[in-house]
1. Write down the radius of gyration of the chain and its Dmax, each obtained from C-alpha positions, in Å.
2. Sum up the lysine pairs in the chain that clear both bars: alpha-carbon distance under 22 Å and a spacing of 8 or more or different chains.
3. How big is the dipole moment of segment 3-67 about its Cα centre under a simple scheme where the beta carbon of each Lys and Arg is +1, that of each Asp and Glu is -1, and everything else is neutral? Debye, nearest 20, please.
4. Could you work out the local net charge near Leu12, counting Lys and Arg as +1, Asp and Glu as -1, over the other residues with Cβ closer than 13 Å to its Cβ?
5. Filter the DSSP H helices in the chain by two things, a Kyte-Doolittle mean of at least 1.0 and an axial alpha-carbon span of 30 angstrom or more, and list the hits by number.
6. In debye, nearest 20: dipole of the chain around its Cα centre with unit charges on the Cβ of K, R (+) and D, E (-)?
7. Could you work out the local net charge near Ala120, counting Lys and Arg as +1, Asp and Glu as -1, over the other residues with Cβ closer than 14 Å to its Cβ?
8. Can you find, among Thr154, Asn81, Gln23, the residue farthest towards the positive end of the dipole of segment 7-156? Put +1 on the C-beta of Lys and Arg, -1 on that of Asp and Glu.
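Taken together, the values in this text are just the output of simple stated rules run on the coordinates, not laboratory data. These figures come from a predicted structure and were not determined experimentally. Reconstructed Cβ throughout: ideal geometry from the backbone, glycine too, with neighbour counts over all protein chains shown.
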Amino acid sequence: MPTGYTRIQIALHWLVFILVVLQFVLHDSIADAWERIEDGLEVGFDPLVAQHVFTGLLILLLVMIRMAIKAKRGAPALPENEPAILKLAAHGTHLALYALLILMPVSGAVAWFGGVEKAADGHEAMKVLVLVLVAVHVAGALFQHFVLKSNVLTRMRKPL
Ligand code: HEM
Ligand code: HEM
C-alpha cells in the first residue's frame, strides 16, 4: 500500500475541486436555459451554458482517470490509531463523492442532450448531496489536521 499520493493524484484532486466550485458559482445560465426549454422557448448560444456542459464532462473524465489510478496504485491507509467509526465515515464519504462526481455529469448530460426532465430533477437533487458531503469531507480533513494532528491533510498537499 502506498504511503502517500502522487503529484498527479494531488493535482487532480485540487483541479476537480476548483472545477466543481466553478459549476456551482456559474450555474445560473444553464438553469435559466433549462427553464426556457421546459417552457418550450428558444435557447440561443450562451458561452456560460457551454462552459457548464464542457466543465461537467471534463470533471467526469478527470474523475475516471483518478479512479483508474486509485484502482491500480491504491490509496494510503488512514492513520492506524483513528477510531473505526471515523475510518468508516471517511471511506463512505470518499465513495459517495466518487459516485456523485460520476452521477452529476451523467444526469446532466442525459437531461441536456436527451431532454429528460427526470434526469434534471435528479441533477438538482444530487446538487444538495454534493454540498452536504463536501462539507462533511472538509470538516473531516480539518478535524484530522487540527484535532487528531495526523498527516492526512498534508499528504493531499505534498506528494510522496
Ligand atoms: C460534476 C459536474 C456537475 C456539477 C457539479 C453540476 C452542478 C450543477 C448545479 C449546481 C446546477 C444548478 C441546479 C439548480 O438549478 O439549482 C446545475 C444545473 C444544470 N446542469 Fe449541471 N453540473 C455538472 C455537470 C453537468 C453536465 C455535464 C451537464 C450537461 C451535459 C449539466 C447540465 C445541467 C443542466 C441541464 C442544468 C439545469 C437543470 C437543473 O437545474 O437540474 N451539468 N448543474
Ligand atoms: C469538490 C470538493 C471535493 C471533492 C469532490 C473531494 C473528493 C475527494 C475524494 C474522492 C478523496 C479520496 C481520494 C482517494 O483516496 O482516491 C479525497 C481525499 C482528500 N480530500 Fe478531498 N475533495 C474535495 C475538497 C476538499 C477540500 C476543500 C479539502 C481540504 C480542506 C479536501 C481534503 C482532502 C484530503 C486531506 C484527502 C485525503 C484523505 C486521505 O488521505 O485519506 N478535499 N477528496
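1. For the chain, the Cα radius of gyration and maximum Cα-Cα distance read 17.9, 59 Å.
2. Numbers: Lys70/Lys87; Lys70/Lys158; Lys72/Lys87; Lys72/Lys158; Lys87/Lys149; Lys87/Lys158; Lys118/Lys127; Lys149/Lys158.
Close lysine pairs found across the chain: 8.
3. On the way: 3 positive and 7 negative charges, 141 e Å.
With only Lys, Arg, Asp and Glu charged at Cβ, the dipole is about 680 debye.
4. Values: positive: Arg7, Arg66, Lys70, Arg73; negative: none.
The answer is +4.
5. Numbers: long enough: 47-73 (38 Å, 1.29); 84-114 (43 Å, 1.44); 117-142 (38 Å, 1.06).
Once both thresholds are applied, what remains is 47-73, 84-114, 117-142.
6. Numbers: 13 positive and 12 negative charges, 284 e Å.
Result for the chain is approximately 1360 debye, rounded to the nearest 20.
7. Details: positive: Arg36, Lys118, Lys127; negative: Asp32, Glu35, Glu38, Asp39, Glu117, Asp121, Glu124.
Net of charged neighbours comes to -4.
8. Most positive-ward Cα: Asn81.
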